[in-house]
Amino acid sequence: MRKLLIHITIGLVVTAIGAIAADNSLGTWKLNMEKSKFSPSAPVKSLTTTREATDSGIKVTTTGERAGATGDTSINSSYIAKYDGSESPVTGAPYDTISIKQVNANTLTFSAKKMDGKYNVTGRSVVSKDRKTMTHTIKGTNTDGKPYMATMVWDKP
């Protein structure tokens with residue numbers, strides 16, 4: 001009886017670890033501008049992000065086009081982060097660092113900030129049950145230091 005209990009406990013722990021390690025945000029996502037909402041206004045015209053699992057967490061690469069920018073309007077940002085809430089460096093974005101925590105296979109929370117203190121947001125990413133839509137809900141201050149809110153809806157192409 002004791003051996004059976006030990007085997008059941010080990011099985012439950014292994015299953016729980018596997019469930020926590022799952023991440024349904026992986027893959028390529030395209031921002032749906034028609035379904036997304038920004039306040040005060042959309043800082044981008046288009047975005048595509050690719051989220052890949054790595055040994056240490058997740059690698060995210062985002063490309064797109066800025067809205068209302070003069071000169072080079074391209075966006076090319078990337079980072080590698082762990083799901084432990086520690087800050088990771090970001091290149092090519094309006095923020096310098098990001099920290100991510102995984103709530104479950106479909107939900108992540110995050111914080112992104114610029115070292116000068118102007119850009120500072122927190123958010124939540126939720127992948128739909130059918131895994132075809134991901135929604136980021138973001139609140140904080142934009143690069144001008146003004147209040148910023150966004151609901152970004154991403155679709156799997």
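The values are calculated or read from the model by the stated rules, or taken from the named source; none is laboratory data. Treat the numbers as computed from the prediction; the structure is a model and nothing was measured. Cβ sites come from the backbone with ideal geometry, for glycine too, and all protein chains shown count toward neighbours.
Would you mind stating whether Val153 is exposed (fewer than 15 other Cβ atoms within 10 Å of the Cβ), assigned to a strand (DSSP E or B) and of a type in the set (A, V, I, L, M)?
no
Please go through region 98-121 and pick out each residue that is in contact with a Gly (Cβ under 6 Å, 6 or more places away or on another chain) and hydroxyl-bearing (Ser, Thr, Tyr). Steps first, please.
Let us first name the residues in region 98-121 that are in contact with a Gly (Cβ under 6 Å, 6 or more places away or on another chain), namely 99, 101, 110, 118, 120-121.
Selection gives Ser99 alone.
Can you work out which of the residues in region 89-105 that are touching a Ser or Thr at 6+ places or on another chain (Cβ under 8 Å) and surrounded by fewer than 18 Cβ atoms within 10 Å (Cβ to Cβ) is farthest from Asn142 (Cα to Cα)?
Selected residue: Val103.
Name the one entry in Lys118, Lys129 that is surrounded by 14 or more Cβ atoms within 10 Å (Cβ to Cβ), outside any strand (DSSP E or B) and either touching a residue at least 24 places away in the same chain (Cβ under 8 Å) or among the charged types (D, E, K, R) (or both).
Sole residue among the options that is surrounded by 14 or more Cβ atoms within 10 Å (Cβ to Cβ), outside any strand (DSSP E or B) and either touching a residue at least 24 places away in the same chain (Cβ under 8 Å) or among the charged types (D, E, K, R) (or both): Lys118.
Please go through region 115-133 and pick out each residue that is at pLDDT 95 or above and among the small types (Gly, Ala, Ser).
Of everything in region 115-133, those that are at pLDDT 95 or above and among the small types (Gly, Ala, Ser) turn out to be Gly123, Ser125, Ser128.
Have a look at Ala69, Ala112 and point out the one that is closer than 21 Å to Leu26 by Cα, among the small types (Gly, Ala, Ser) and either at pLDDT 95 or above or exposed (fewer than 14 other Cβ atoms within 10 Å of the Cβ) (or both).
None of the other options fit; the residue is Ala112.
Among the residues of region 31-53, how many are among the polar types (S, T, N, Q), modelled with pLDDT of 95 or more and either over 18 Å from Ile75 (Cα atoms) or part of a loop (DSSP other than H, G, I, E, B) (or both)?
3
Can you report the number of residues in region 84-115 which are assigned to a loop (DSSP other than H, G, I, E, B), in contact (Cβ under 8 Å) with a residue 40 or more places away in the chain and over 20 Å from Thr48 (Cα atoms)?
Total meeting the criteria: 1.
Looking at the structure I just gave you, is Gly57 at pLDDT below 95, over 30 Å from Asp144 (Cα atoms), surrounded by 14 or more Cβ atoms within 10 Å (Cβ to Cβ) and within 15 Å of the chain's Cα centre (by Cα)?
yes
Quick one: is Thr141 out of contact with any Phe, Trp or Tyr (no Cβ under 7 Å at 6 or more places or on another chain), without any contact (Cβ under 8 Å) to a residue 24 or more places away in the chain and among the hydroxyl-bearing types (Ser, Thr, Tyr)?
Numbers: out of contact with any Phe, Trp or Tyr (no Cβ under 7 Å at 6 or more places or on another chain): no; without any contact (Cβ under 8 Å) to a residue 24 or more places away in the chain: yes; among the hydroxyl-bearing types (Ser, Thr, Tyr): yes.
The answer is no for Thr141.
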